[in-house]
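Remarks on the structure that follows.
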Amino acid sequence: MRIILIGYGVVGQGLTNILLRRRLENLKDYGFNPKIVAIVDRGGAAINPKGLNLEKMLTLKKHNGTVAADREFGHAQMSPLSVIESTEAEVIVEATPTNVKNGEPGLSHIKTAFKTGKHVVTTNKGPLALALPALMELADYNKVYLRFSGTVGGGTPVLELAKKCLAGDKIVAIRGILNGTTNYILTEMAEKRITFQQALDSAQKLGYAETDPSMDVDGIDPACKVVIMANWIMNKKLTLKDVKVKGIRDVTLQALEEAAKRGNTIKLIGSIDDSAEVAPTEISKHDPLCVSGVLNAVTFVSEFAGEETLIGRGAGGMETASAVLRDLLDIKYNLASKMLT
Ligand SMILES: NC(=O)c1ccc[n+]([C@@H]2O[C@H](COP(=O)([O-])OP(=O)(O)OC[C@H]3O[C@@H](n4cnc5c(N)ncnc54)[C@H](OP(=O)(O)O)[C@@H]3O)[C@@H](O)[C@H]2O)c1
């Protein structure tokens with residue numbers, strides 16, 4: 001499998017680290033021997049049709065800031081679109097920053113990959129939140145796979161559990177804590193009896209929250225995950241505009257203390273049943289969803305198997321990269337089984 005990696009930040013570098021560390025096991029256990037033939041960042045690209053040296057790419061990125069600095073294979077300022085169009089590969093891994101305004105640049109990367117017959121694995125929620133139903137159709141039309149396990153739950157296999165382990169059952173509702181930053185803030189407020197602003201400051205100091213925390217605290221990030229789960233797991237053709245979203249800025253210490261008197265607490269819950277919503281919600285402290293700190297948790301309500309709750313870390317470079325590896329193996333498996341039929 002030849003792979004083009006677009007975006008070489010936390011997740012992209014995590015992927016090359018995992019491929020290096022798992023090289024032998026990938027080959028022995030899965031017959032999987034991928035070659036990264038191109039890596040692109042904002043400085044340009046490194047391209048080698050025979051496969052790039054990943055140790056060298058990690059060192060170059062660390063010391064020079066861009067893979068385009070490679071003397072032999074570097075192409076300064078080469079754009080991701082021209083790399084996707086001109087480089088032979090089976091798959092692109094898209095790991096550029098999430099943009100929920102217009103999905104770019106990820107949206108164009110994904111569409112161009114499809115048009116040139118390449119499968120896509122992405123961790124970028126923006127294009128999916130805005131256009132997942134259309135992208136799924138476009139992938140089908142071009143007879144390629146689109147996979148995005150890392151977009152929900154980081155390395156925790158939220159999408160796979162629902163899609164594969166509960167195959168044959170019908171998932172009728174999903175509820176979840178889908179954002180670690182806001183869960184950290186609400187946990188800190190409740191446990192340390194501090195205000196939203198104090199908890200946000202602490203999250204920013206620890207690097208859990210961005211300087212502009214609005215994607216998290218205004219509920220946009222979990223709303224993107226609601227869209228992805230609704231489409232992929234429940235076959236609902238939703239986009240971001242269909243989700244009713246309320247963040248946690250107005251959750252007060254007083255409201256948390258009132259909830260505590262009832263044996264409850266307030267969590268930012270994303271839910272999908274007849275409608276799709278993200279909102280601060282009072283839940284019992286005994287609810288399996290009631291996890292603390294940066295953890296995520298998702299409860300699937302299915303017709304026959306009942307309720308299952310999956311808990312795990314919702315982000316992290318290596319965690320999310322492990323989801324990318326699972327998606328690559330899934331594509332390899334699908335391609336191999338197609339060849340058998
Ligand atoms: N980190 C996580 O825990 C996590 C978890 C789940 C999902 N995600 C999602 O995964 C994606 C990547 O996350 P990350 O944490 O790896 O982000 P990141 O560290 O900011 O890395 C983004 C990478 O994309 C590159 N890039 C930005 N604009 C580009 C453009 N126009 N053309 C080519 N490359 C471009 C950057 O180049 P430079 O290196 O030159 O700046 C950088 O290498 C995001 O959409 C994020 O929301 C992340």
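Bear in mind these aren't lab numbers, they're just calculated from the coordinates by the rules spelled out. Keep in mind that this is a model prediction, so the values were computed, not measured. Here the Cβ positions follow ideal geometry from the backbone for every residue, glycine too, while neighbour counts run over all protein chains shown.
A Cβ distance below 9 Å, combined with a sequence gap of six or more or placement on separate chains, defines the contacts here; from the stretch 95-106, residues that are in contact (Cβ under 8 Å) with a residue 60 or more places away in the chain reach residues that are in a loop (DSSP other than H, G, I, E, B) and aromatic (Phe, Trp, Tyr) in the pairs Ala95/Tyr8.
The rows are residues; the columns are (1) away from the ligand (no atom under 12 Å from the Cβ); (2) over 25 Å from Tyr333 (Cα atoms); (3) not in a loop (DSSP other than H, G, I, E, B).
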| residue | (1), (2), (3) |
| --- | --- |
| Gly153 | no, no, no |
| Ala162 | yes, no, yes |
| Gly168 | yes, no, no |
| Gly176 | yes, yes, yes |
| Thr182 | yes, yes, yes |
| Glu188 | yes, yes, yes |
| Gln197 | yes, yes, yes |
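Annotation: of all residues in the stretch 105-122 being in contact with a helix residue (DSSP H, G or I) (Cβ under 8 Å, 6 or more places away or on another chain) and among the charged types (D, E, K, R), the one that is farthest from the ligand (Cβ to nearest atom) is Lys118. Inside the stretch 244-284, residues that are free of Cβ contacts under 8 Å to residues at least 24 places away in the same chain and basic (Lys, Arg) make up a count of 2. For the stretch 1-14, enumerate the residues that are surrounded by fewer than 18 Cβ atoms within 10 Å (Cβ to Cβ) and either of a type in the set (Val, Ile, Thr) or within 16 Å of the ligand (Cβ to nearest atom) (or both). The answer is Gly9, Val10. The sole residue among Ala139, Ala134 that is touching a His at 6+ places or on another chain (Cβ under 9 Å), away from the ligand (no atom under 15 Å from the Cβ) and assigned to a helix (DSSP H, G or I) is Ala139. Looking only at residues of the stretch 57-81 that are under 25 Å from the mean Cα position of the chain (by Cα) and in a helix (DSSP H, G or I), we find that the one that is farthest from His109 (Cα to Cα) is Lys62. For the stretch 15-38, the criterion of being in a strand (DSSP E or B), farther than 19 Å from Val120 by Cβ, within 14 Å of the ligand (Cβ to nearest atom) and of a type in the set (A, V, I, L, M) is satisfied by no residue at all. Name the residue that is farthest from the ligand (Cβ to nearest atom), counting only residues in the stretch 39-56 that are outside any loop (DSSP other than H, G, I, E, B) and within 21 Å of the chain's Cα centre (by Cα). Across the stretch 39-56, the extreme among qualifying residues is Ile39. Among the residues of the stretch 57-68, none qualifies, meaning not one is away from the ligand (no atom under 12 Å from the Cβ) and within 21 Å of Tyr333 (Cβ to Cβ).
When Thr151, Thr182 are screened for being touching an Asp or Glu at 6+ places or on another chain (Cβ under 7 Å), of a type in the set (Ser, Thr, Tyr) and buried (at least 24 other Cβ atoms within 10 Å of the Cβ), only Thr182 passes.
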